[in-house]
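Working notes, beginning with the structure itself.
None of the figures in this text is laboratory data; all of them are computed from the coordinates on show. Keep in mind that what you see is a predicted model, and the values were worked out from it rather than measured. Positions of Cβ are backbone-derived with ideal geometry, glycine not excepted, and every protein chain shown enters the neighbour counts.
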Amino acid sequence: MNYKKSQFNCPVEATLSLIGGKYKPLILWHLKDQSLHYMELQRLIPKATPKMLSSQLRALEDCGMVHRQVIPEKPPKTIYSLTAFGHSIVPVLDAMCQWGNNFLDGLDVQSSCGEICY
């Protein structure tokens, strides 16, 4: 994906152009510590339709945050992992997780995803 210097008016806009999307942050979050098969991602993000999950993965691959590897076996397996560029967003995701935990604590809501923020 080609980006132009004049394309963005602020850093938040630039960040959202890469990770904004219904499931992109969740995909990145689940890939931050491990590579996952497509079906594993689908199980981890059950609200994402297969079409939406594929679309969001493709966009993350196009911008260089996610690497897609196809293993030629029957049936073929597709494994996704973060690139070095993708790993650079992990501190932002960690901050989002911590902020979300604080927000949920204020609502007296227990997180059901069982994720631990660093």
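What are the ³J(HN,Hα) values, in whole Hz, obtained from phi via the Karplus relation 6.51 cos²θ - 1.76 cosθ + 1.60 with θ = phi - 60°, for each residue of the stretch 15-23 in sequence order, with x given for Gly and Pro?
My calculation for the stretch 15-23 gives 4, 5, 5, 8, 10, x, x, 4, 10 Hz in order.
Would you please classify the overall shape of the chain from the alpha carbon gyration tensor, given that a ≥ b ≥ c denote the square roots of the eigenvalues, rounded means a/c under 1.5, and beyond that prolate means a/b larger than b/c while oblate covers the rest?
Because a/c hits 1.5 or more and a/b fails to exceed b/c, the chain counts as oblate.
Just grab the label-to-label distance for residue 52 and residue 32, each label 7 Å out from Cα along the Cβ direction, in nm (one decimal).
Distance between the two pseudo-spin positions: 2.2 nm.
In a Gaussian network model over the chain where Cα atoms closer than 10 Å are linked, find which of 36, 16, 82 has the largest mean-square fluctuation.
Maximum among the listed residues: 16.
Note down the relative contact order for the stretch 5-87 as a percent, whole number, built from C-alpha pairs under 8 angstrom at least six residues apart. Walk me through the numbers on the way to the answer.
Working: 81 pairs, mean separation 25.6, N = 83.
Reported as a whole number, the value is 31 percent.
Can you tally the lysine pairs in the chain where the Cα-Cα distance is under 26 Å and the two residues are eight or more apart, or on different chains?
Summing the qualifying lysine pairs gives 18.
Mean-square fluctuation check for the chain, GNM, Cα pairs under 10 Å: which of 91, 46, 11 is largest?
11
Using helices alone, I'd like the mean residue ellipticity at 222 nm for the chain: each DSSP H run of four-plus residues gives -39500 (n - 2.57), total over residue count, nearest 500.
Value at 222 nm, helices only: -14500 deg cm²/dmol.
About its Cα centre, what dipole magnitude does the stretch 1-79 give when the only charges are +1 on Lys and Arg Cβ and -1 on Asp and Glu Cβ, stated in debye to the nearest 20?
Details: 12 positive and 6 negative charges, 38 e Å.
Around 180 debye, computed over the stretch 1-79.
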